[in-house]
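Below is one structure, written out as structure tokens; comments come after it.
The values are calculated or read from the model by the stated rules, or taken from the named source; none is laboratory data. Not measured: the values here are computed from a predicted model. Counting neighbours? That spans all protein chains shown, and the Cβs are built from the backbone with ideal geometry, glycine included.
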Amino acid sequence: MKKKYIVTPWEVSGEIDYDKLIEEFGLKKIDDKLIDRIKEHTGELHPLIKRKFFFAHRDLDWILDEYEKGNKFFLYTGRGPSGDTHLGHLVPWILTKWLQDKFDVELWFQMTDDEKFYFKEDLSIEDTNSFAYDNALDVIALGFKENKTYIFSDFDYARTLYREAAKVAKKLNFSTVRAVFGLDESSNVGKIFFTCMQSVPAFLPSIKYGKNIPCLIPHAVDQDPHFRISRDILPKLGFYKPASIQSMFLPGLLKGGKMSSSIKESAIFISDSDNEVDKKIKNAFTGGRDTLKEQKEKGGRPEICMVFNYFNVLFMWDDKELNEIKERCKSGGILCGECKKILSERVKKFLNEHRKKREDAKKKLNKFILKD
Ligand code: TRP
């Protein structure tokens, strides 16, 4: 049977079967036992974990073993700066911030402006490099610790990064890159080399501090192929395999597919005005019925509703409230228009507050940036 979805670092489309993806990629499920173990350390659970939006991992149990022995890990995540940030991008960062708070650990944040230059035909180095600093404001706005967070552009931290990337490159064959990423003879050689750069932050702190430090990478699941390579190569260089936790994609507002920068109506951008937010949410795909009468009789379908999805992932973190609205929907007691209004108000409030913090971040940007 033909697969109905594609998940690679360069393309995500179709209706994703996350259980199948776990099998295909060789990931482990984040099960209730592991969730309980996280809770032992954090006291409470983040909704993104409790609701299993972060659904899979590699070696998270090992990270906790080491942590319990007093061997702290560091966090590593990143962003391919190819344009404005939207809500979908924030999801892994929001959990990363929570993990930094709860475990009191460093975050190393990579801006892959080189990657986006290689992969986006119409973007120049100046474009992706300036997006890197613009997007960094969205990261800082989420409240990462100033003295424990390092953000760097691949171009502007290249003297440090390139030296380490060369070590990875020397151990990595073209045939592996081709098999993992599906590149071919016609791919530009920047694309082939790039994955080496994405491996570097997984061991850079170990170099800096002169001792092996475990690394935990929170990321959306499409990035896993890169870290499969890191896990293969890093032990050959004398480092630990990086551990990781994988999130699903925030679905777009329209039917099917993730929130995507290329389909503007499907995504809510940080820069969207109140009016745009209202308009986009008004057009969102819901689980409502064709007629009012039918909906009152049969009820709505939260399982397929994008508005409910947004409540679930980002905008209704109170379990009781979420359950209540779900039940009211299913019994026909609340209609789509009302849910959309609730979501709209919450999104606008979030964005307005975020944009304020983003302005403040401009003043402290250089406290977070590494350059050489
Ligand atoms: N390649 C990623 C992207 O296009 C950016 C990235 C670099 C990243 N390092 C990472 C993402 C580590 C997650 C974790 O978005």
Test: residue in region 247-260 that is aromatic (Phe, Trp, Tyr), within 25 Å of Gly26 (Cβ to Cβ) and under 22 Å from the mean Cα position of the chain (by Cα): yes
Residue among Arg159, Arg163 that is basic (Lys, Arg), more than 16 Å from the ligand (Cβ to nearest atom) and without any contact (Cβ under 8 Å) to a residue 40 or more places away in the chain: Arg163
Long-range neighbours under 6 Å by Cβ, at least six apart or interchain, first residue closer than 22 Å to Pro92 by Cα within region 117-144, second among the hydroxyl-bearing types (Ser, Thr, Tyr) and in a loop (DSSP other than H, G, I, E, B): Asn135/Thr85; Asp138/Thr85
Options Pro81, Pro92: the member that is part of a loop (DSSP other than H, G, I, E, B) and surrounded by 19 or more Cβ atoms within 10 Å (Cβ to Cβ): Pro81
Of residues in region 221-274 being at pLDDT 95 or above and under 17 Å from Asp84 (Cβ atoms), the one surrounded by the most Cβ atoms within 10 Å (Cβ to Cβ): Ile268
Only one of Ser331, Ser230 that is in the same structural domain as Phe55 (by TED's automatic domain parsing) and either more than 27 Å from Gln198 (Cα to Cα) or in contact with a helix residue (DSSP H, G or I) (Cβ under 7 Å, 6 or more places away or on another chain) (or both): Ser230
Filter pass, Asp19 being touching a Phe, Trp or Tyr at 6+ places or on another chain (Cβ under 6 Å) and at negative phi: no
Of all residues making up region 5-26, the number that are in contact with a helix residue (DSSP H, G or I) (Cβ under 7 Å, 6 or more places away or on another chain) and assigned to a loop (DSSP other than H, G, I, E, B): 3
Region 101-141 - residue that is among the acidic types (Asp, Glu) and part of a helix (DSSP H, G or I) and, of those, nearest to the ligand (Cβ to nearest atom): Glu115
